[in-house]
Amino acid sequence: MKLRQLIPILFCISFLPMGCEEDDICIGEGTPHLTVVFRNIQNTSNQMDTLSIYRSADIGFENSDTIYEKIFTDSIKLPMGGLNDERVYFKIKRRSNVDQDILTIDYQSKSEYVSKACGFRLVYENLSYQITNYHINSIVPSESNELRDESITNLYIVLDN
Amino acid sequence: MNRLRIFILFWTISLFGIPLDAQQDSLHLEANTVLTVKDSLELSERHRKAGIVFVGADLYSLALSGFSDRQGGAAFISYRVFNKWNMVAEVGYESNNYKDLDWLVDVNGIYFKLGFNWFISQDHQDNSNGFYTGARISYSAYQQQIKQYPVRLSNNQVDEYGSLPAENVSAYWFEMVAGGRIKLISNLYADVSVRPMIYMGSKKQENIEPLVIPAYGKDRGPINFTIVWGLSWKLF
């Protein structure tokens, strides 16, 4: 009687793990974007504006990607370059101005393992920024020169009037 | 009145008859008990005898080689140590791969399993037949090549791919065993078991959790599951 009771139990227990599901969802743990917030000229509050943003690996923007096209916002998230790159250029166009500012970002990237679902991600170290000043007054980087978390602001851009 | 006397007579005889039957039953029972005790003494002597050795092969892993990425085979040896306790050692080779979630991983290597089977029930005619439960500690030493890994953006899209050179790694896990062994012909036995496996740890490449391990299979969380369909030969 004991055996008869035990065998179905063992059999059922053995099949329990077959119900396990793969954990294959990656949420928010991938390569972070650079979070940029635009400020007014007094640097007292965020300032919204109509912006178009283009990204390129070369200063001539011969092979550029359009990141944003005429969006009205006070913050943007910029995708950085890959593992083999060390510099990326962003063209920032305010409204319909002919002169467009160029934000140059130098960095060192490295890959790090996250999980099976996410695979690897890139993190960026030794970030440094340069900006032209057609319609941008200045830039204020965050205290950390690492980019690991896009939920915090990495760079403030102070706009001209 | 006559009817009453006849009734009392039969009733009295009946009353005497019950203990007579009971006495007869107890005599039978005693005889059976003596035989059973004698049989069980012989059986328990046989049960206690160590030294029955089985060697076998896992047909399930061989069968899988025909129609899955899992290629390889395994052999095992079982030795009765005492009474219902059997020591079991298993060895095998397996190559496998993982092609999911934008990963491309190849592994190949050997594995060892060491543990015991404890027979829950045994056939009185042939005590090698029976149901058993048991456990194994398993270890696999294998070569892993990550041919492709994804580098994902925060929105889950794959941004680019990377690869890593082949590296020797290892993993170990615990197996619970529930199975049965039954005689087919002569000294040939079928040995079937189901095994939940609990991943315990590994030597990792670049801190990457193993996605596929020879004999453990593809990663489905901390618990995996396998079946052994074995054919074994009773040596002595």
Proximal lysines to B:Lys84, defined as alpha-carbon separation beneath 30 angstrom and excluding residues fewer than eight positions away on the same chain:
A:Lys2, B:Lys38, B:Lys49, B:Lys113, B:Lys183, B:Lys234
Amide H neighbours of B:Asp159 under 5 Å, at least 5 residues apart or on other chains, H built in the peptide plane: list them.
B:Val151, B:Arg152, B:Leu153
Roughly what angle does helix A:2-15 make with the longest principal axis of chain A, taking Cα atoms, 0 to 90 degrees, to the nearest 10?
20 degrees
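Order these by the 10 Å Cβ neighbour count, fewest first: A:Ser144, B:Ser170.
In order of increasing Cβ crowding within 10 Å: A:Ser144, B:Ser170.
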Packing rank of B:57-67, B:86-96, where each peptide gets the mean count of other beta carbons within 10 Å, highest leading:
B:86-96, B:57-67
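What is the mean number of Cβ atoms from other protein chains located within 10 Å of the Cβ atom of each residue in peptide B:143-155, rounded to a whole number? Spell out each step's value before the answer.
Working: counts 0, 0, 0, 0, 0, 1, 4, 7, 13, 12, 10, 15, 8.
Counting other chains' Cβ atoms within 10 Å and averaging over B:143-155 gives 5.
So which of A:Lys110/B:Lys203; A:Lys70/A:Lys91; B:Lys147/B:Lys218; A:Lys116/B:Lys147 end up more than 19 Å apart by C-alpha?
On the way: A:Lys110/B:Lys203 23 Å; A:Lys70/A:Lys91 13 Å; B:Lys147/B:Lys218 16 Å; A:Lys116/B:Lys147 15 Å.
Flagged as over cut-off: A:Lys110/B:Lys203.
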Averaged over the residues of A:119-131, the number of partner chain Cβ atoms within 10 Å of each residue's own Cβ comes to 3
Report the label-to-label distance for B:Asn155 and B:Leu235 in nanometres (one decimal), using points 7 Å from each Cα along the Cα→Cβ vector.
6.4 nm
Expressed as a whole number, the average count of other chain Cβ atoms within 10 Å around the Cβ atoms of A:105-118 is 3
For segment B:201-218, Karplus-derived ³J(HN,Hα) couplings (6.51, -1.76, 1.60; θ = phi - 60°; whole Hz; x for glycine and proline) come out as x, 6, 8, 9, 9, 6, 6, 8, 4, x, 8, 8, 10, x, 6, 8, x, 7
Once you order the gyration tensor axes a ≥ b ≥ c over the Cα atoms, which shape class does segment B:120-169 get: rounded for a/c under 1.5, otherwise prolate or oblate by comparing a/b with b/c?
prolate
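Only the coordinates and a few stated rules stand behind these numbers; no lab work does. Because the structure is predicted, anything quoted here is derived from the model rather than measured. Because the Cβ atoms are built from the backbone with ideal geometry, glycine has one as well, and the counts that use them run over all protein chains shown.
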